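Asker: One structure is given below, represented as structure tokens, and several questions about it will come after.
The values are calculated or read from the model by the stated rules, or taken from the named source; none is laboratory data. As the structure is a prediction and not an experimental result, all values here were calculated from the model. Here the Cβ positions follow ideal geometry from the backbone for every residue, glycine too, while neighbour counts run over all protein chains shown.
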Amino acid sequence: MSVLDVRDLQTHFFTDAGVVKAVDGVSFSLDAGEVLGLVGESGSGKSVTGFSILRLVDAPGRVVGGQINFKGQDLATLSNREMRSLRGNRIAMIFQDPMMTLNPVLRIETQMVEAVRAHHRVSHAAAKDRAIRVLARVGIPSPADRLAAYPHQFSGGMRQRVAIAIALLNGPDLIVADEPTTALDVTIQSQILAEVQELARETGTALIWITHDLAVVAGLADKVSVMYAGRIVESGPTDDVLTAPGHPYTEGLLGSIPGHGRRGERLTQIPGMAPNMARLPVGCAFAPRCHRVDETCRAKAPAITDIGPKRGLRCFHPIVETEGAA
Amino acid sequence: MTAMLELNGVSRRFEKKLDGVERLARRLGADLRETCVNAVDTASFTVARGEVVGLVGESGCGKSTLGRMVAGLLPVSDGEIRFEGIDITDARSARAREKRLRIQMIFQDPMSSLNPRMKVADIIGEAAVYHGLTNRQSVADYVDQLLEKVGLDRAFAQRYPHQMSGGQRQRIGIARALAVKPEFLICDESIAALDVSIQAQVINLFQDLRRDLDLTYLFISHDLGVVEHIADRVVVMYLGRIVEVAPTEALFDGPRHPYTQALLDQVPRLGAGRQVFRTVKGEIPSPLNPPPGCHFHPRCPMAGPRCRRDVPRRITEGDHSTACHLHDGGTE
């Protein structure tokens, strides 16, 4: 059974400039131990999707439709109280900035023990024990001593490890990670990716890894969903999507990444820029930037269609493999 | 090929002197010392005319400090910087000042480097008028030409920075740098804050400008993929010191310094399939208290006793130079 099954999720923001459909009909599912890469550029709705799953969207935003089935329960229908007993317990979130998770004026010990005891009736000593084990698990040296430290006494990479440790404290079934390594250096990023990879494998925790970095997804995720203007435009097993993209946007993104043996050549850039989410075009949102566009695309928006085992695509004129690298 | 830019043993130290209370506390026996960070430690390299040199390293390695010294935004503690043979380390002479103008810088965050209260036309035109490259009557045309060069519509001249997207603002930053007709551009993480598709547009713009205006770049970035794409030669820094300099292909095909090897090993790549991420152990040490000898030795799998003792020299073979004892008589 899948751990998470999101169906037709709609999260809208009701602003003065109009209704912004930040997430507009997103669907995906995730099995235990599986890693989903949710990829997109800024404003594509990838983070709002993550926040919606944890019901952390603030006004003027609201989840207005769809189902979020977590182990058979629809999260959208739970009371705030029920939701709070899941958050940080069965479902955890890791943010880009670890200081979103950590309280700067409390010792790590206080914060971690609190997170355990909020959900389990255990003694302080038992909670502390668990905190030490988890800190050691994410590679923090001498964890028993470090518990007494305040967040500012850690380096950026260490702080992110602590945030990850807090996410792991109660052995969640699902972790939503929102760009957790974007602000880190390459060597620190790869340390954290290594830890996370092992964790998903060993504990069976399902993981949603939200990022703009396709290269990270290539190395980490089992499957990938590419978002553009609030919708998933392409999804499928990571290797299939990255080696043979079907959507012109995915193709464009891949072409935009420098540094795989095409030194000095012009990058195949996507013209224009991300659309204004309050005034999306009538048809396909990508149409104004697309090189395969025609009248159909401008007239109506394409629906998502299955183009193979576990592969979905939202395009009237997908790139077919027989065309070669056109 | 003579060097356009030449750095000889350039260093930059940041010192924090003790204040009155701390001096008193020390006299009473407290363990307080003046702290000193060697942000850049005797850096030497050259940039030839028309070349793109990539400067890479992780946060705190001193790459931005080095760029700022070349741009003249930070004074140099030791060493000298020569531009076309003229010493520009201290820009007091008119000749040095004139050379300095040929060097311009493009910053990481265009929002904090553009004055939010100025219109684009003034942001771009101000320096050009001041330096006499155009005058008040013709500055509008001058700005239009520059906007066209960086791929923006001339209507942008009447806008303010907050009315534009990140990619457009970065183009304004580039236009402003180009306004004084520079020959040498320092790009300090200039595309790091941009989305992937916009990043590609700006990289292409840099390539076009290089060809059209005959520019030379010092391209500072932590993103090895970008540097591999754009640079002819690469300088790798670690904790204030240059550890390796080599032509791009040689560096990416056969890195010699263990740090460079580790760095290249850890870059997530497309087309590599599912990766097992391997890691360099440990963290980047504090520059306040760097390890003795080779700064990298506590994290280096090949370190020997000599690495803990002696600072490695940079040994040059052909056009590839490395500061590592492994290439200079062993680590014993």
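Asker: Filter region A:311-326 down to the residues that are in a loop (DSSP other than H, G, I, E, B) and loosely packed, with under 12 Cβ neighbours inside 10 Å, then identify the one that is modelled with the highest pLDDT.
Answerer: By that ranking, first place goes to A:Val320.
Asker: Looking at A:Thr211, A:Thr268, can you tell me which residue is closer than 30 Å to B:Phe252 by Cβ and modelled with pLDDT of 90 or more?
Answerer: Going through A:Thr211, A:Thr268 in turn, the sole match is A:Thr211.
Asker: Pull up region B:44-59, narrow it to residues that are more than 9 Å from the chain's Cα centre (by Cα) and buried (at least 22 other Cβ atoms within 10 Å of the Cβ), then point me to the one that is nearest to A:Ser155 (Cα to Cα).
Answerer: If we take residues in region B:44-59 being more than 9 Å from the chain's Cα centre (by Cα) and buried (at least 22 other Cβ atoms within 10 Å of the Cβ), then B:Gly57 is nearest to A:Ser155 (Cα to Cα).
Asker: Residues being within 21 Å of B:Gly125 (Cα to Cα) and in contact with a Phe, Trp or Tyr (Cβ under 8 Å, 6 or more places away or on another chain): count how many of those fall in region B:175-189.
Answerer: The number of residues fulfilling the criteria is 5.
Asker: Sticking with this one: Would you mind finding the one in B:Val56, B:Val40 that is touching a helix residue (DSSP H, G or I) at 6+ places or on another chain (Cβ under 9 Å) and closer than 24 Å to B:Arg210 by Cβ?
Answerer: B:Val56
Asker: Can you go through B:Leu218, B:Leu178 and tell me which one is in contact (Cβ under 8 Å) with a residue 60 or more places away in the chain, in contact with a helix residue (DSSP H, G or I) (Cβ under 7 Å, 6 or more places away or on another chain) and more than 25 Å from B:Gly62 (Cβ to Cβ)?
Answerer: B:Leu178
Asker: What strands (runs of 3 or more DSSP E) completely inside region B:212-315 contain at least 3 residues that are over 30 Å from B:Lys181 (Cα atoms) and more than 8 Å from chain A (Cβ to nearest Cβ)?
Answerer: B:241-247
Asker: May I pose another question? May I ask you to say which residue of A:Val20, A:Val57, A:Val26 is assigned to a loop (DSSP other than H, G, I, E, B), buried (at least 16 other Cβ atoms within 10 Å of the Cβ), in contact with a strand residue (DSSP E or B) (Cβ under 8 Å, 6 or more places away or on another chain) and of a type in the set (A, V, I, L, M)?
Answerer: After applying the criteria, what remains is A:Val57.
Asker: Take the residues in region B:108-167 that are modelled with pLDDT under 90 and of a type in the set (Asp, Glu), then tell me which one is surrounded by the most Cβ atoms within 10 Å (Cβ to Cβ).
Answerer: B:Asp109
Asker: Another question about this same structure. What are the residue pairs meeting all of these: first residue in region B:222-249, first residue in contact (Cβ under 8 Å) with a residue 60 or more places away in the chain and surrounded by fewer than 24 Cβ atoms within 10 Å (Cβ to Cβ), second residue in a loop (DSSP other than H, G, I, E, B) and of a type in the set (Ser, Thr, Tyr), Cβ atoms under 8 Å, and 6 or more apart or on different chains?
Answerer: If the second residue must be in a loop (DSSP other than H, G, I, E, B) and of a type in the set (Ser, Thr, Tyr), the pairs left are B:His222/B:Ser59.
Asker: Being more than 17 Å from A:Ser47 (Cα to Cα), surrounded by fewer than 23 Cβ atoms within 10 Å (Cβ to Cβ) and within 9 Å of chain B (Cβ to nearest Cβ) is the filter here; which residues of region A:197-218 pass it?
Answerer: Listed by number, the residues that qualify are A:Gln197, A:Ala215.
Asker: Could you count how many residues in region A:233-253 are aliphatic (A, V, I, L, M) and facing chain B (nearest Cβ under 7 Å)?
Answerer: Adding up the residues that qualify gives 2.
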